[in-house]
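The values are calculated or read from the model by the stated rules, or taken from the named source; none is laboratory data. For clarity, every value in this text was computed on a predicted model and none was experimentally measured. We place every Cβ from the backbone using ideal geometry, glycine too, and count neighbours over all the protein chains shown. Ligands, DNA and RNA are excluded from the accessible area calculation, which covers all protein heavy atoms including side chains. Shrake-Rupley method; radii C 1.70, N 1.55, O 1.52, S 1.80 Å.
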Amino acid sequence: MSQLPRPTVYIETYGCQMNVADSELMYGTLAAQGYEAVDAPEGADVILVNTCAIRDHAEQRVIGRLGELRRHMKADTIMGVTGCMAQRLGPRILEKARHVSLVVGPDGYRALPQLLDGARNGEKGIFTTFDLEEHYEDVTPRRTDPVKAWIPVQRGCDYRCTYCIVPFTRGAERSRALADVVREVRQVVETGTTEIVLLGQTVNSYNDGTHDFADLLRAVGAIDGVRRLRYTSPHPNDFSERVIAAHAEVEAVCEHMHLPMQSGSTRVLKRMLRRYSREEFLACVANLRTVMPSLVLTTDVIVGFPGETDEDFEDTLSAVVEAGFSDAFTFKFSPREGTPATRMPAEETVPDDVASERLQRLIQTVRAQSREQNLALLGSRVEVLIERLARDGALLMGRTRDWKTVLVPGDASLMNTYHTVELTGSTGSTFTGAFVSDAQPVRQPLPMAG
Ligand code: SAH
Ligand code: SF4
Ligand code: F3S
(Lines give C-alpha, C1' and ligand atoms only; values in the text may rest on other atoms or scores of the structure.)
(Ligands and ions follow the chains in the order given, each with its own letter.)
Protein backbone atom coordinates (compact mmCIF):
# COMPACT_ATOMS: atom_id res chain seq x y z
CA MET A 1 0.00 0.00 0.00
CA SER A 2 1.13 3.53 -0.68
CA GLN A 3 2.14 5.77 2.19
CA LEU A 4 0.21 8.76 0.89
CA PRO A 5 -1.19 10.88 3.73
CA ARG A 6 -4.94 10.56 4.14
CA PRO A 7 -6.94 13.54 2.85
CA THR A 8 -8.30 15.64 5.69
CA VAL A 9 -11.85 16.93 6.08
CA TYR A 10 -13.22 19.67 8.29
CA ILE A 11 -16.98 20.05 8.78
CA GLU A 12 -18.57 23.13 10.34
CA THR A 13 -22.16 22.67 11.48
CA TYR A 14 -25.00 25.18 11.76
CA GLY A 15 -28.68 24.72 12.63
CA CYS A 16 -30.45 22.05 14.60
CA GLN A 17 -29.39 18.75 16.15
CA MET A 18 -30.45 16.97 12.98
CA ASN A 19 -27.61 18.77 11.26
CA VAL A 20 -25.22 17.79 14.06
CA ALA A 21 -26.24 14.15 13.50
CA ASP A 22 -25.92 14.57 9.73
CA SER A 23 -22.40 15.96 10.09
CA GLU A 24 -21.52 12.87 12.11
CA LEU A 25 -22.86 10.76 9.24
CA MET A 26 -20.85 12.76 6.70
CA TYR A 27 -17.70 12.28 8.73
CA GLY A 28 -18.56 8.56 8.91
CA THR A 29 -19.12 8.28 5.15
CA LEU A 30 -15.83 10.00 4.42
CA ALA A 31 -13.86 8.11 7.10
CA ALA A 32 -14.93 4.88 5.39
CA GLN A 33 -13.26 6.23 2.23
CA GLY A 34 -9.98 7.00 4.01
CA TYR A 35 -10.55 10.63 4.97
CA GLU A 36 -9.25 11.91 8.28
CA ALA A 37 -11.38 14.31 10.32
CA VAL A 38 -9.70 17.50 11.54
CA ASP A 39 -11.10 20.07 13.92
CA ALA A 40 -9.87 23.26 12.26
CA PRO A 41 -10.28 24.53 8.69
CA GLU A 42 -6.68 25.69 8.20
CA GLY A 43 -5.02 23.52 5.61
CA ALA A 44 -7.84 20.96 5.38
CA ASP A 45 -8.14 19.21 2.00
CA VAL A 46 -11.93 19.37 2.21
CA ILE A 47 -14.03 21.96 4.02
CA LEU A 48 -17.75 21.33 4.32
CA VAL A 49 -20.21 23.80 5.79
CA ASN A 50 -23.41 22.07 6.92
CA THR A 51 -26.02 24.79 6.78
CA CYS A 52 -29.41 25.85 8.12
CA ALA A 53 -32.12 27.76 6.22
CA ILE A 54 -34.65 28.28 8.98
CA ARG A 55 -34.33 32.08 9.17
CA ASP A 56 -32.70 34.63 6.92
CA HIS A 57 -30.22 35.44 9.68
CA ALA A 58 -29.01 31.81 9.71
CA GLU A 59 -28.30 32.00 5.98
CA GLN A 60 -26.58 35.39 6.14
CA ARG A 61 -24.27 34.03 8.82
CA VAL A 62 -23.26 31.15 6.58
CA ILE A 63 -22.66 33.42 3.61
CA GLY A 64 -20.36 35.55 5.78
CA ARG A 65 -18.61 32.47 7.08
CA LEU A 66 -18.03 31.08 3.59
CA GLY A 67 -16.10 34.25 2.81
CA GLU A 68 -13.99 33.87 5.96
CA LEU A 69 -13.27 30.21 5.35
CA ARG A 70 -11.93 31.04 1.93
CA ARG A 71 -8.84 32.44 3.67
CA HIS A 72 -8.08 28.99 5.09
CA MET A 73 -8.18 27.25 1.73
CA LYS A 74 -5.05 25.86 0.12
CA ALA A 75 -4.85 25.99 -3.67
CA ASP A 76 -6.37 22.50 -3.91
CA THR A 77 -8.85 22.64 -1.01
CA ILE A 78 -12.38 21.66 -1.99
CA MET A 79 -15.13 23.68 -0.36
CA GLY A 80 -18.64 22.22 -0.15
CA VAL A 81 -21.94 23.52 1.19
CA THR A 82 -24.31 20.88 2.55
CA GLY A 83 -27.59 20.80 4.47
CA CYS A 84 -30.76 22.82 4.30
CA MET A 85 -29.42 25.95 2.63
CA ALA A 86 -27.71 23.80 -0.01
CA GLN A 87 -31.03 22.08 -0.68
CA ARG A 88 -32.92 25.37 -0.80
CA LEU A 89 -30.55 27.36 -2.99
CA GLY A 90 -28.89 24.63 -5.08
CA PRO A 91 -26.96 26.23 -7.98
CA ARG A 92 -27.55 29.72 -6.60
CA ILE A 93 -24.86 28.96 -3.99
CA LEU A 94 -22.28 28.39 -6.72
CA GLU A 95 -23.14 31.84 -8.09
CA LYS A 96 -22.94 33.52 -4.68
CA ALA A 97 -19.64 31.91 -3.69
CA ARG A 98 -17.39 30.96 -6.60
CA HIS A 99 -14.87 29.19 -4.37
CA VAL A 100 -17.54 26.58 -3.54
CA SER A 101 -17.46 23.48 -5.74
CA LEU A 102 -20.05 21.22 -4.12
CA VAL A 103 -23.66 21.75 -3.09
CA VAL A 104 -25.22 18.73 -1.40
CA GLY A 105 -28.67 18.49 0.24
CA PRO A 106 -29.57 16.32 3.25
CA ASP A 107 -30.32 13.18 1.20
CA GLY A 108 -27.12 13.32 -0.85
CA TYR A 109 -24.35 12.61 1.66
CA ARG A 110 -23.82 9.08 0.38
CA ALA A 111 -22.58 10.63 -2.87
CA LEU A 112 -20.00 12.84 -1.14
CA PRO A 113 -16.93 10.68 -1.93
CA GLN A 114 -17.76 10.56 -5.67
CA LEU A 115 -18.64 14.25 -5.74
CA LEU A 116 -15.31 15.05 -4.09
CA ASP A 117 -13.48 12.92 -6.65
CA GLY A 118 -15.26 14.89 -9.38
CA ALA A 119 -14.41 18.20 -7.73
CA ARG A 120 -10.75 17.20 -7.69
CA ASN A 121 -11.02 16.98 -11.48
CA GLY A 122 -12.51 20.43 -11.62
CA GLU A 123 -16.18 19.42 -11.84
CA LYS A 124 -18.62 21.42 -9.77
CA GLY A 125 -21.24 19.11 -8.23
CA ILE A 126 -24.83 19.68 -7.17
CA PHE A 127 -26.90 16.96 -5.50
CA THR A 128 -30.31 18.06 -4.29
CA THR A 129 -32.65 15.18 -5.06
CA PHE A 130 -34.71 13.79 -2.21
CA ASP A 131 -34.48 10.09 -1.49
CA LEU A 132 -37.37 8.87 0.63
CA GLU A 133 -35.56 5.64 1.43
CA GLU A 134 -32.42 7.32 2.71
CA HIS A 135 -31.57 6.76 6.37
CA TYR A 136 -27.81 6.14 5.94
CA GLU A 137 -28.40 2.79 7.62
CA ASP A 138 -25.03 1.37 6.56
CA VAL A 139 -22.99 4.41 7.60
CA THR A 140 -21.27 4.38 10.98
CA PRO A 141 -21.43 7.95 12.26
CA ARG A 142 -18.30 9.48 13.73
CA ARG A 143 -19.68 10.80 16.98
CA THR A 144 -18.49 14.18 18.16
CA ASP A 145 -20.34 14.42 21.49
CA PRO A 146 -18.70 12.21 24.09
CA VAL A 147 -21.67 12.25 26.45
CA LYS A 148 -24.85 12.32 24.39
CA ALA A 149 -25.65 10.31 21.27
CA TRP A 150 -27.89 12.03 18.73
CA ILE A 151 -29.93 9.37 16.96
CA PRO A 152 -32.08 10.42 13.99
CA VAL A 153 -35.21 8.26 13.98
CA GLN A 154 -37.15 10.23 11.40
CA ARG A 155 -36.17 12.47 8.49
CA GLY A 156 -38.25 15.14 6.75
CA CYS A 157 -41.56 16.66 7.79
CA ASP A 158 -45.16 16.19 6.65
CA TYR A 159 -46.54 19.24 8.42
CA ARG A 160 -46.81 22.43 6.42
CA CYS A 161 -46.55 25.20 8.98
CA THR A 162 -46.98 28.29 6.82
CA TYR A 163 -43.78 30.00 8.00
CA CYS A 164 -41.50 27.00 7.69
CA ILE A 165 -38.87 26.08 5.12
CA VAL A 166 -38.09 22.62 6.54
CA PRO A 167 -40.57 20.64 4.39
CA PHE A 168 -38.81 22.20 1.36
CA THR A 169 -35.30 21.45 2.60
CA ARG A 170 -35.83 18.03 4.13
CA GLY A 171 -38.67 16.53 2.07
CA ALA A 172 -41.37 14.15 3.20
CA GLU A 173 -41.42 12.47 6.58
CA ARG A 174 -40.04 8.95 6.89
CA SER A 175 -39.15 6.85 9.92
CA ARG A 176 -36.29 4.42 10.40
CA ALA A 177 -37.14 0.83 11.26
CA LEU A 178 -37.29 0.34 15.02
CA ALA A 179 -34.81 -2.55 14.81
CA ASP A 180 -32.26 -0.28 13.13
CA VAL A 181 -32.62 2.37 15.82
CA VAL A 182 -32.27 -0.25 18.55
CA ARG A 183 -29.16 -1.68 16.88
CA GLU A 184 -27.55 1.76 16.73
CA VAL A 185 -28.39 2.57 20.35
CA ARG A 186 -26.92 -0.78 21.47
CA GLN A 187 -23.67 0.04 19.68
CA VAL A 188 -23.55 3.50 21.24
CA VAL A 189 -24.15 2.20 24.75
CA GLU A 190 -21.26 -0.24 24.35
CA THR A 191 -18.93 2.75 24.02
CA GLY A 192 -19.98 4.04 27.45
CA THR A 193 -22.58 6.59 26.37
CA THR A 194 -25.64 6.51 28.62
CA GLU A 195 -27.68 9.43 27.27
CA ILE A 196 -29.65 9.01 24.07
CA VAL A 197 -31.47 11.78 22.20
CA LEU A 198 -33.92 10.65 19.52
CA LEU A 199 -34.25 13.17 16.70
CA GLY A 200 -37.01 14.07 14.27
CA GLN A 201 -38.83 17.24 13.17
CA THR A 202 -42.06 15.88 14.68
CA VAL A 203 -40.38 12.99 16.40
CA ASN A 204 -43.45 11.67 18.23
CA SER A 205 -45.22 11.05 14.91
CA TYR A 206 -42.57 8.32 14.43
CA ASN A 207 -44.07 5.31 12.69
CA ASP A 208 -42.07 2.68 10.86
CA GLY A 209 -45.18 0.93 9.54
CA THR A 210 -45.33 -1.46 12.48
CA HIS A 211 -44.24 0.54 15.51
CA ASP A 212 -45.22 3.95 16.82
CA PHE A 213 -43.32 6.33 19.08
CA ALA A 214 -44.60 4.58 22.22
CA ASP A 215 -43.03 1.33 20.99
CA LEU A 216 -39.83 3.17 20.19
CA LEU A 217 -39.58 4.75 23.66
CA ARG A 218 -40.19 1.39 25.29
CA ALA A 219 -37.68 -0.42 23.08
CA VAL A 220 -34.89 2.13 23.51
CA GLY A 221 -35.64 2.61 27.21
CA ALA A 222 -35.30 -1.15 27.73
CA ILE A 223 -31.75 -1.28 26.37
CA ASP A 224 -29.31 -2.01 29.15
CA GLY A 225 -27.13 1.05 29.75
CA VAL A 226 -29.58 3.68 28.52
CA ARG A 227 -29.95 5.83 31.59
CA ARG A 228 -31.23 9.07 30.11
CA LEU A 229 -33.58 9.10 27.16
CA ARG A 230 -34.61 12.37 25.50
CA TYR A 231 -36.15 13.33 22.19
CA THR A 232 -36.62 16.50 20.16
CA SER A 233 -38.88 17.99 18.88
CA PRO A 234 -42.33 16.59 19.51
CA HIS A 235 -45.46 18.08 17.94
CA PRO A 236 -48.41 18.59 20.30
CA ASN A 237 -50.79 16.81 17.90
CA ASP A 238 -48.79 13.60 17.90
CA PHE A 239 -49.14 12.79 21.59
CA SER A 240 -51.54 9.88 21.36
CA GLU A 241 -52.71 8.27 24.60
CA ARG A 242 -50.31 5.40 23.92
CA VAL A 243 -47.38 7.76 23.53
CA ILE A 244 -48.25 9.68 26.68
CA ALA A 245 -48.69 6.45 28.64
CA ALA A 246 -45.24 5.24 27.59
CA HIS A 247 -43.72 8.21 29.44
CA ALA A 248 -44.97 6.86 32.73
CA GLU A 249 -43.56 3.40 32.03
CA VAL A 250 -40.11 4.12 30.66
CA GLU A 251 -37.88 5.13 33.54
CA ALA A 252 -35.07 6.45 31.34
CA VAL A 253 -37.32 9.11 29.75
CA CYS A 254 -36.15 12.36 31.29
CA GLU A 255 -38.42 14.89 32.98
CA HIS A 256 -37.72 17.57 30.40
CA MET A 257 -39.37 18.17 27.08
CA HIS A 258 -38.89 20.80 24.41
CA LEU A 259 -42.43 21.35 23.12
CA PRO A 260 -42.67 24.14 20.51
CA MET A 261 -45.76 26.30 20.98
CA GLN A 262 -45.03 29.04 18.38
CA SER A 263 -47.92 31.24 19.53
CA GLY A 264 -50.50 31.38 22.30
CA SER A 265 -53.19 32.87 20.06
CA THR A 266 -55.59 30.44 18.42
CA ARG A 267 -56.08 32.89 15.56
CA VAL A 268 -52.35 33.05 14.83
CA LEU A 269 -51.90 29.29 15.34
CA LYS A 270 -54.57 28.73 12.71
CA ARG A 271 -52.81 30.98 10.22
CA MET A 272 -49.55 29.22 11.03
CA LEU A 273 -51.32 25.93 10.24
CA ARG A 274 -50.08 24.48 13.49
CA ARG A 275 -53.26 22.38 13.70
CA TYR A 276 -53.97 23.05 17.39
CA SER A 277 -55.65 25.86 19.32
CA ARG A 278 -54.33 27.57 22.42
CA GLU A 279 -56.69 25.44 24.50
CA GLU A 280 -55.59 22.21 22.81
CA PHE A 281 -51.96 23.09 23.38
CA LEU A 282 -52.54 23.79 27.07
CA ALA A 283 -54.57 20.57 27.38
CA CYS A 284 -51.64 18.66 25.89
CA VAL A 285 -49.34 20.23 28.49
CA ALA A 286 -51.77 19.26 31.25
CA ASN A 287 -51.93 15.65 29.98
CA LEU A 288 -48.16 15.41 29.94
CA ARG A 289 -47.91 16.86 33.45
CA THR A 290 -50.41 14.27 34.67
CA VAL A 291 -48.12 11.40 33.70
CA MET A 292 -44.94 13.29 34.59
CA PRO A 293 -45.69 15.64 37.48
CA SER A 294 -42.12 16.96 37.64
CA LEU A 295 -41.93 17.67 33.91
CA VAL A 296 -39.89 20.73 32.93
CA LEU A 297 -41.02 22.29 29.66
CA THR A 298 -39.17 24.51 27.24
CA THR A 299 -40.51 25.83 23.96
CA ASP A 300 -40.07 27.79 20.71
CA VAL A 301 -42.07 30.96 20.10
CA ILE A 302 -42.31 33.16 17.02
CA VAL A 303 -43.33 36.82 17.34
CA GLY A 304 -44.39 39.14 14.54
CA PHE A 305 -46.07 36.52 12.38
CA PRO A 306 -48.14 38.32 9.68
CA GLY A 307 -51.34 39.70 11.16
CA GLU A 308 -50.27 39.21 14.80
CA THR A 309 -52.07 41.91 16.84
CA ASP A 310 -51.23 43.25 20.28
CA GLU A 311 -54.02 41.07 21.61
CA ASP A 312 -52.58 37.96 19.91
CA PHE A 313 -49.22 38.74 21.43
CA GLU A 314 -50.76 39.16 24.90
CA ASP A 315 -52.24 35.68 24.40
CA THR A 316 -48.73 34.38 23.74
CA LEU A 317 -47.40 35.97 26.93
CA SER A 318 -50.22 34.52 29.02
CA ALA A 319 -49.80 31.06 27.45
CA VAL A 320 -46.09 31.11 28.33
CA VAL A 321 -47.15 31.67 31.94
CA GLU A 322 -50.02 29.16 31.87
CA ALA A 323 -47.89 26.42 30.35
CA GLY A 324 -45.20 27.20 32.93
CA PHE A 325 -42.31 27.11 30.47
CA SER A 326 -38.88 27.11 32.08
CA ASP A 327 -37.16 28.51 29.04
CA ALA A 328 -37.86 29.38 25.43
CA PHE A 329 -36.11 29.95 22.14
CA THR A 330 -37.73 33.12 20.88
CA PHE A 331 -37.65 34.25 17.27
CA LYS A 332 -38.81 37.15 15.17
CA PHE A 333 -40.75 35.86 12.17
CA SER A 334 -38.46 35.64 9.14
CA PRO A 335 -40.18 35.32 5.75
CA ARG A 336 -38.88 32.30 3.84
CA GLU A 337 -39.09 32.27 0.07
CA GLY A 338 -41.84 30.01 -1.26
CA THR A 339 -43.61 29.46 2.07
CA PRO A 340 -47.34 30.28 2.33
CA ALA A 341 -46.73 33.03 4.93
CA THR A 342 -44.97 35.12 2.29
CA ARG A 343 -48.23 35.22 0.29
CA MET A 344 -50.23 36.76 3.12
CA PRO A 345 -51.38 40.37 2.42
CA ALA A 346 -48.57 42.93 2.67
CA GLU A 347 -50.58 45.12 5.06
CA GLU A 348 -50.44 42.28 7.59
CA THR A 349 -46.68 42.53 7.88
CA VAL A 350 -45.75 43.37 11.47
CA PRO A 351 -43.33 46.34 11.47
CA ASP A 352 -39.87 45.41 12.65
CA ASP A 353 -39.89 47.80 15.60
CA VAL A 354 -43.15 46.26 16.84
CA ALA A 355 -41.76 42.73 16.45
CA SER A 356 -38.55 43.74 18.26
CA GLU A 357 -40.48 45.21 21.15
CA ARG A 358 -42.63 42.07 21.42
CA LEU A 359 -39.52 39.92 21.35
CA GLN A 360 -38.02 41.89 24.24
CA ARG A 361 -41.20 41.62 26.31
CA LEU A 362 -41.41 37.91 25.61
CA ILE A 363 -37.78 37.37 26.64
CA GLN A 364 -38.39 39.30 29.86
CA THR A 365 -41.44 37.19 30.67
CA VAL A 366 -39.56 33.95 30.02
CA ARG A 367 -36.54 35.07 32.04
CA ALA A 368 -38.59 36.17 35.03
CA GLN A 369 -40.46 32.88 35.07
CA SER A 370 -37.31 30.83 34.66
CA ARG A 371 -35.59 32.76 37.44
CA GLU A 372 -38.46 32.26 39.82
CA GLN A 373 -38.60 28.53 39.12
CA ASN A 374 -34.85 28.15 39.44
CA LEU A 375 -34.48 30.10 42.69
CA ALA A 376 -37.11 27.83 44.22
CA LEU A 377 -34.82 24.86 43.50
CA LEU A 378 -31.87 26.15 45.54
CA GLY A 379 -30.88 23.71 48.25
CA SER A 380 -32.35 20.68 46.49
CA ARG A 381 -30.33 17.62 45.50
CA VAL A 382 -30.26 16.51 41.91
CA GLU A 383 -28.59 13.96 39.68
CA VAL A 384 -26.02 15.60 37.41
CA LEU A 385 -24.28 14.07 34.43
CA ILE A 386 -20.99 15.85 33.75
CA GLU A 387 -20.85 16.90 30.09
CA ARG A 388 -17.79 19.08 29.59
CA LEU A 389 -15.42 21.70 30.95
CA ALA A 390 -17.22 24.96 31.61
CA ARG A 391 -16.16 27.95 29.58
CA ASP A 392 -13.77 29.36 32.16
CA GLY A 393 -12.04 25.97 32.36
CA ALA A 394 -11.96 25.76 36.16
CA LEU A 395 -15.43 24.28 36.50
CA LEU A 396 -17.31 21.39 34.97
CA MET A 397 -20.65 21.77 33.22
CA GLY A 398 -23.26 19.12 33.83
CA ARG A 399 -26.97 18.67 33.34
CA THR A 400 -29.82 17.41 35.43
CA ARG A 401 -32.37 15.00 34.00
CA ASP A 402 -34.66 18.00 33.58
CA TRP A 403 -32.08 19.91 31.50
CA LYS A 404 -30.86 22.42 34.06
CA THR A 405 -27.25 23.48 33.63
CA VAL A 406 -25.13 23.04 36.75
CA LEU A 407 -21.52 24.15 37.26
CA VAL A 408 -19.48 22.12 39.72
CA PRO A 409 -15.81 22.10 40.69
CA GLY A 410 -13.75 19.24 39.30
CA ASP A 411 -11.48 18.10 36.51
CA ALA A 412 -11.83 16.36 33.18
CA SER A 413 -11.55 12.92 34.76
CA LEU A 414 -15.17 13.30 35.90
CA MET A 415 -16.48 13.66 32.36
CA ASN A 416 -19.47 11.44 31.59
CA THR A 417 -20.08 10.42 35.19
CA TYR A 418 -23.20 10.85 37.34
CA HIS A 419 -23.22 12.59 40.70
CA THR A 420 -25.59 13.75 43.37
CA VAL A 421 -25.23 17.51 43.56
CA GLU A 422 -26.73 20.08 45.87
CA LEU A 423 -27.79 23.27 44.08
CA THR A 424 -26.05 26.05 45.97
CA GLY A 425 -26.45 29.12 43.76
CA SER A 426 -28.17 30.36 40.62
CA THR A 427 -27.70 33.17 38.17
CA GLY A 428 -31.38 32.76 37.39
CA SER A 429 -30.68 30.60 34.36
CA THR A 430 -27.82 28.31 35.42
CA PHE A 431 -26.81 26.82 38.75
CA THR A 432 -23.70 26.29 40.76
CA GLY A 433 -23.59 23.13 42.79
CA ALA A 434 -21.56 21.08 45.25
CA PHE A 435 -21.05 17.33 45.19
CA VAL A 436 -22.88 15.56 47.96
CA SER A 437 -20.68 12.99 49.78
CA ASP A 438 -17.65 12.25 47.61
CA ALA A 439 -17.23 12.69 43.88
CA GLN A 440 -17.04 9.02 43.05
CA PRO A 441 -18.61 8.16 39.73
CA VAL A 442 -22.09 6.75 40.22
CA ARG A 443 -22.83 3.88 37.86
CA GLN A 444 -26.18 2.80 39.25
CA PRO A 445 -29.40 4.81 39.07
CA LEU A 446 -29.59 7.19 41.98
CA PRO A 447 -32.63 7.38 44.19
CA MET A 448 -34.65 10.44 43.20
CA ALA A 449 -33.54 13.58 44.95
CA GLY A 450 -35.90 14.32 47.78
N1 SAH B 1 -39.97 20.77 13.82
C2 SAH B 1 -39.95 21.67 14.89
C3 SAH B 1 -39.36 23.01 14.55
C4 SAH B 1 -38.07 23.06 13.83
S5 SAH B 1 -37.55 24.65 13.39
C6 SAH B 1 -41.39 21.88 15.31
O7 SAH B 1 -42.29 21.82 14.53
O8 SAH B 1 -41.57 22.18 16.45
C9 SAH B 1 -37.13 25.34 14.96
C10 SAH B 1 -37.90 26.58 15.31
O11 SAH B 1 -37.58 27.64 14.43
C12 SAH B 1 -39.40 26.47 15.18
O13 SAH B 1 -39.98 25.82 16.26
C14 SAH B 1 -39.83 27.90 15.07
O15 SAH B 1 -40.08 28.47 16.31
C16 SAH B 1 -38.63 28.57 14.43
N17 SAH B 1 -38.92 28.96 13.05
C18 SAH B 1 -39.17 28.15 12.00
N19 SAH B 1 -39.40 28.89 10.88
C20 SAH B 1 -39.28 30.19 11.24
C21 SAH B 1 -39.41 31.43 10.53
N22 SAH B 1 -39.72 31.46 9.24
N23 SAH B 1 -39.21 32.57 11.22
C24 SAH B 1 -38.90 32.57 12.54
N25 SAH B 1 -38.77 31.43 13.24
C26 SAH B 1 -38.96 30.25 12.62
FE1 SF4 C 1 -41.51 23.19 10.22
FE2 SF4 C 1 -43.92 22.76 11.17
FE3 SF4 C 1 -42.49 20.73 10.18
FE4 SF4 C 1 -41.79 21.84 12.49
S5 SF4 C 1 -43.71 20.75 12.07
S6 SF4 C 1 -40.44 21.33 10.78
S7 SF4 C 1 -42.29 23.98 12.18
S8 SF4 C 1 -43.30 22.46 9.04
FE1 F3S D 1 -32.17 24.50 10.05
FE2 F3S D 1 -32.56 22.48 8.47
FE3 F3S D 1 -32.53 22.09 11.06
S4 F3S D 1 -33.39 24.50 8.21
S5 F3S D 1 -33.29 24.02 11.84
S6 F3S D 1 -30.83 22.76 9.83
S7 F3S D 1 -33.80 21.03 9.58
Fluctuation leader among Pro351, Pro340, Pro113 - the chain, Gaussian network, Cα springs under 10 angstrom: Pro351
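Loop-only check: which trypsin sites (Lys or Arg not before Pro) in region 271-328 are DSSP coil with at most 16 other Cβ within 10 angstrom?
Here the trypsin sites (Lys or Arg not before Pro) that fit, given the DSSP loop and packing criteria, are Arg275.
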Anchor Lys124: lysines whose Cα lies under 28 Å away (excluding residues fewer than 8 positions away in-chain): Lys74, Lys96
Taking all pairs of distinct alpha-carbon atoms in region 378-441, Kirkwood radius in angstrom: 11.2
Under-5 Å amide H pairs with Thr8, H placed in peptide plane, nonlocal only: Glu36, Asp45, Val46
Selection of GluC sites (Glu not before Pro), region 1-55, meeting DSSP coil and at most 16 other Cβ within 10 Å: Glu42
Cα-only radius of gyration and Dmax that characterise region 145-252, units Å: 13.7, 42
Coil-residue GluC sites (Glu not before Pro) of region 91-184, DSSP, other Cβ within 10 Å capped at 10: Glu133
Per-bin percent of Cα-Cα distances, region 264-377 [5 Å]: 2, 11, 20, 23, 19, 12, 7, 3, 1, 0
Summed residue charge, Cβ within 13 Å of Asp310's Cβ, Lys/Arg positive, Asp/Glu negative: -3
Computed P(r) (all Cα pairs; the chain; 20 Å bins; percent): 23, 56, 21, 0
Long-range HN-HN contacts of Thr299 with modeled amide H, under 5 Å: Leu259, Asp327, Ala328, Phe329
Lys74 - accessible surface, heavy atoms, 1.4 Å probe, Å² rounded to 10: 80
Area of Thr299 that stays accessible when all protein chains are in place (1.4 Å probe, Å², to 10): 0
Residues of type lysines that Lys148 reaches as a straight line, Cα spacing below 24 Å, ignoring anything fewer than 8 places off in the same chain: Lys404
Euclidean distance of C-alpha centroids, region 60-106 and region 187-219, integer Å: 33
Gyration tensor verdict on region 36-129 (Cα atoms; rounded if a/c is under 1.5, prolate if a/b is larger than b/c, oblate otherwise): oblate
Residue of Pro41, Pro345, Pro409 that the Gaussian network model of the chain assigns the largest fluctuation, springs spanning Cα pairs under 10 Å: Pro345
In order through region 160-165: 3J(HN,Hα) via Karplus (6.51 cos²θ - 1.76 cosθ + 1.60), integer Hz, x for Gly, Pro: 9, 4, 5, 8, 9, 8
Cut-off under 5 Å, modelled amide H: who pairs with Gln154 long-range: Arg176, Leu199
The chain: most fluctuating residue of Arg55, Arg65, Arg401 per GNM, C-alpha cutoff 10 Å: Arg65
